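Peer 1: Following this message is one structure expressed as structure tokens.
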Number of protein chains: 2
Amino acid sequence: MVFVPRAEGPWRAGRAGRGMGAEPKRTEEWADVTPDAARRLVTAAVAAFAERGYHATTTRDIAGRAGMSPAALYIHYRTKEDLLYRISIVGHRAALDLLRRARRPGTDPATRLADAVRAFVRWHAEHHTTARVVQYELGALGEEHYAEIVGLRRETDAEIRAVIEDGVASGDFAVPDVPGTTVAVLSLCIDVARWFNAEGKRTPDEVGELYAGLVLRMVGHRAP
Amino acid sequence: MVFVPRAEGPWRAGRAGRGMGAEPKRTEEWADVTPDAARRLVTAAVAAFAERGYHATTTRDIAGRAGMSPAALYIHYRTKEDLLYRISIVGHRAALDLLRRARRPGTDPATRLADAVRAFVRWHAEHHTTARVVQYELGALGEEHYAEIVGLRRETDAEIRAVIEDGVASGDFAVPDVPGTTVAVLSLCIDVARWFNAEGKRTPDEVGELYAGLVLRMVGHRAP
DNA sequence: CCGCGACCTGAGCAAGCGCTTAGGCGCCGG
DNA sequence: CCGGCGCCTAAGCGCTTGCTCAGGTCGCGG
């Protein structure tokens, strides 16, 4: 059933010398964050938040992983919550853009829905650390930041709902309860961030493919 | 898409006098916890952990909600983590028993799967505060406690997988990828705890019914 | 060469954390 | 009537937290 991955190795204990990026694998997601120290801090924060959760992560953790002193964090970010907020914004926008890109006109609803789910799930698997923070730590945001994120989430919701409604209108889907099914589809995709394990036997592409098929079945689409 | 509910009212600030139960609605789940103070503490902890998360909850929070001083907590529970552990055990066992009860021999796989999903989802909706703690706070458990809980989770996993395998073997289901579909079904059900809102327009029964139908579609069951 | 801004550090502050301790009340069997 | 036990509190200990601040080092334009 799906396990929260545990912290395994020792903490990147302290200093550890200058000039090394923290968790250097696939961070093109944050490539446009400057200067370099700010980028190292944000990737360190993503790793720490995903592993321990926001509240269990200390500013000393984050700074240590980025190879800096705790004080350096506050040169680039106003507060610890500000760091979470920026991660949330970037993550939500990335996921939303993915969905919007799948909405190419001229294709039938089944293709659009499958493409959307495939892309959305792929992202949640591939960037499962970022996705974990984005999906499960938003309760730690401040009031206004939280409200802003909720706005983005409503847009995401609307994107999926629109495709399902299209399919129902065209007769391609048979869905007795559109709002309920929309919630279920989104919920299914989002939860990938919780259980996906990079060391597991499935690649993000495979999970995306599997889920696209499952969702088509959920909406009562008959394979041609 | 599903929102983490926020803290709304003011904290039950302090003392507030003796003899009042904390969050007194539907706590028969903890009816066999004695003495009374221990039960008040555990229900207070469930409410607090579900609302803020384990790490953001203080022992003063919990004790305050239960109408006691912080020190009283340590008469009934060894540590704050011990409280989380007991909640986890009770919750996991309750959910697992529910699944086992749905496995009545002599019924066809589709009925068994639908019954299991209905019951499992109903529980996650009805007891969504407990379920939230059970499903999303297990990372805060200590090493041995975590291992024990993982054991219970594996049993839950096996329970659902068995029903799906039965249906595939009997030809009632058409599932290309049994392990993947098992994960997806469980994931879908578990995530109910995250988005379900007691003030929302859907009752736990309605969600259970909806999800039972969706899952039957996912496994390729043809309605009679 | 100077001076300025960008970046970083060591030291540390006030507040809050989990948890302990010493002691007090009231109910019980003897 | 009393001693012990179950249950509770006020006080506070040692430590960690998010965050600040005075000061230092570097590269660069003038």
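Peer 1: Am I reading the B/A interface right? What is its buried accessible area, both sides, 1.4 Å probe, to the nearest 100 Å²? Can you show the working numbers first?
Peer 2: Values: alone 11790 and 11810 Å², together 19750 Å².
Chains B and A together bury approximately 3800 Å².
Peer 1: Label points 7 Å out from Cα along the Cβ direction at residue B:74 and residue A:148: separation in nm?
Peer 2: It is 4.2 nm.
Peer 1: Give me the inter-chain shielding for A:185-192: mean count of other chain Cβ atoms within 10 Å, whole number please.
Peer 2: Details: counts 3, 4, 12, 8, 4, 6, 10, 4.
Whole-number average of other-chain Cβ neighbours for A:185-192 is 6.
Peer 1: What angle, in degrees between 0 and 90 and rounded to the nearest 10, separates the Cα long axis of helix A:80-102 from the longest principal axis of the Cα atoms of chain A?
Peer 2: Between the helix axis and the principal axis of chain A, the angle is about 30 degrees.
Peer 1: Shortest first and in nm with one decimal, please list how far the residue A:75 label point sits from its counterparts in the other copies (point 7 Å along Cα→Cβ).
Peer 2: Label-point distances to the other copies, shortest first: 5.3 nm.
Peer 1: To the nearest 500 deg cm²/dmol, what mean residue ellipticity at 222 nm is calculated for chain A from DSSP H runs of n ≥ 4 alone, each contributing -39,500 (n - 2.57), summed and divided by the residues?
Peer 2: Numbers: 10 runs with 138 residues, N = 224.
Helix-only estimate at 222 nm: -20000 deg cm²/dmol.
Peer 1: What's the carbon and sulfur percent of segment A:73-174's accessible surface, probe 1.4 angstrom, rounded to a whole number? Kindly include the intermediate steps, with their values, before the conclusion.
Peer 2: Working: 2130 of 4220 Å².
Within segment A:73-174, the accessible surface is 50 percent carbon and sulfur.
Peer 1: Also, I was wondering about something else. Taking the highest mean first, how do the peptides B:123-130, B:151-158, B:42-49, A:95-102 order by number of other beta carbon atoms within 10 angstrom per residue? Could the numbers behind the result be given before it?
Peer 2: Working: B:123-130: 23.2, B:151-158: 15.8, B:42-49: 25.6, A:95-102: 17.4.
Ranked from most to least packed, the peptides come out as B:42-49, B:123-130, A:95-102, B:151-158.
Peer 1: Using a cut-off of 17 Å between alpha-carbon atoms, which aspartates and glutamates can reach residue A:80, once sequence neighbours fewer than 8 places away in the same chain are excluded?
Peer 2: A:51, A:61, A:137, A:143, A:144
Peer 1: Rounded to the nearest whole Å², what accessible area per residue is found for segment A:127-224 with the 1.4 Å probe?
Peer 2: Working: 3840 Å² over 98 residues.
On a per-residue basis, 39 Å².
Peer 1: What distance in nm lies between label points placed 7 Å from Cα along the C-beta direction at residue B:206 and residue B:81?
Peer 2: About 4.2 nm, to one decimal.
Peer 1: Follow-up question, since we're still on this one. Across peptide A:127-136, what mean number of C-beta atoms from other chains lies inside 10 Å of a residue's C-beta? Display every interim value, and only then the final one.
Peer 2: Numbers: counts 0, 0, 0, 0, 0, 0, 0, 0, 5, 4.
Taking the mean over all residues of the peptide, I get 1.
Peer 1: What are the distances, in nm and sorted shortest first, from the label point of residue A:28 to the label points of the same position in each other copy, with each label point placed 7 Å from Cα along the Cα-to-Cβ direction?
Peer 2: Once sorted, the set of distances for residue A:28 reads 5.7 nm.
Peer 1: Further question: What does the net charge come to around residue B:77 if you take all other residues with beta carbon closer than 13 Å to its beta carbon, with K and R at +1 and D and E at -1? Please report the intermediate quantities before stating the final value.
Peer 2: Details: positive: B:39, B:40, B:78, B:80, B:86; negative: B:81, B:82.
Every neighbour counted, the sum reads +3.
Peer 1: Same structure, new question: If we sort B:211-221, A:52-62 on the protection proxy, mean other Cβ atoms within 10 Å, highest first, what's the order? Show your work: numbers first, answer last.
Peer 2: On the way: B:211-221: 22.6, A:52-62: 19.5.
Packing order, densest peptide first, comes out as B:211-221, A:52-62.
Peer 1: Additional query: Between residue B:32 and residue B:100, what FRET efficiency comes out of the Förster formula 1/(1 + (r/R0)^6) with R0 = 25 Å and r the beta carbon distance, rounded to 0.05? Before the final figure, lay out each step's value.
Peer 2: Working: r = 19 Å, r/R0 = 0.78.
So, using R0 = 25 Å, E works out to roughly 0.80.
Peer 1: Sticking with this one: Summarise the partner chain shielding of B:50-57 as one whole number: the mean count of Cβ atoms from other chains within 10 Å of each residue's Cβ.
Peer 2: Working: counts 0, 1, 3, 8, 3, 7, 6, 1.
Neighbouring Cβ atoms belonging to other protein chains average 4 per residue here.
Peer 1: Considering only C-alpha atoms, what is the centroid distance from segment B:152-188 to segment B:63-90, in Å?
Peer 2: 37
Peer 1: Listed highest first by mean packing, meaning other Cβ atoms within 10 Å per residue, what order do B:131-142, B:71-82 come in?
Peer 2: Working: B:131-142: 21.8, B:71-82: 15.3.
So the order, starting with the most tightly packed, is B:131-142, B:71-82.
Peer 1: Could you please report the charge total around residue A:109, scoring K, R as +1 and D, E as -1 over all other residues with beta-carbon less than 11 angstrom from its beta-carbon? Don't skip to the end; give the middle numbers.
Peer 2: On the way: positive: A:103, A:112; negative: A:108, A:115, A:165, A:166, A:172.
Counting the neighbours of residue A:109, the net charge comes to -3.
Peer 1: Residue farthest toward the positive end of the dipole of chain B, with Cβ of Lys/Arg at +1 and Asp/Glu at -1: which of B:192, B:98, B:111?
Peer 2: B:192
Peer 1: Sticking with this structure for a sec: Run the quick spin-label model on residue B:174 and residue B:107: label points 7 Å from Cα toward the beta carbon, then report their separation in nm to one decimal.
Peer 2: Distance between label points: 2.5 nm.
Peer 1: Heavy-atom accessible area per residue, segment B:28-77, 1.4 Å probe: how many Å²?
Peer 2: On the way: 1990 Å² over 50 residues.
The answer is 40 Å² per residue.
Peer 1: Using a label point 7 Å beyond Cα on the Cα-Cβ vector, give me the inter-copy distances for residue B:108 in nanometres, one decimal, shortest first.
Peer 2: List, nearest first: 2.9 nm.
The values are calculated or read from the model by the stated rules, or taken from the named source; none is laboratory data. Bear in mind that the values here come from a model prediction, so they are computed numbers and not experimental data. Neighbour counts are summed over all protein chains in view; Cβ atoms, including those assigned to glycine, are modelled from backbone coordinates with ideal geometry. In case anyone asks, the SASA skips ligands and DNA or RNA and just uses the protein heavy atoms, side chains included. Shrake-Rupley method; radii C 1.70, N 1.55, O 1.52, S 1.80 Å.
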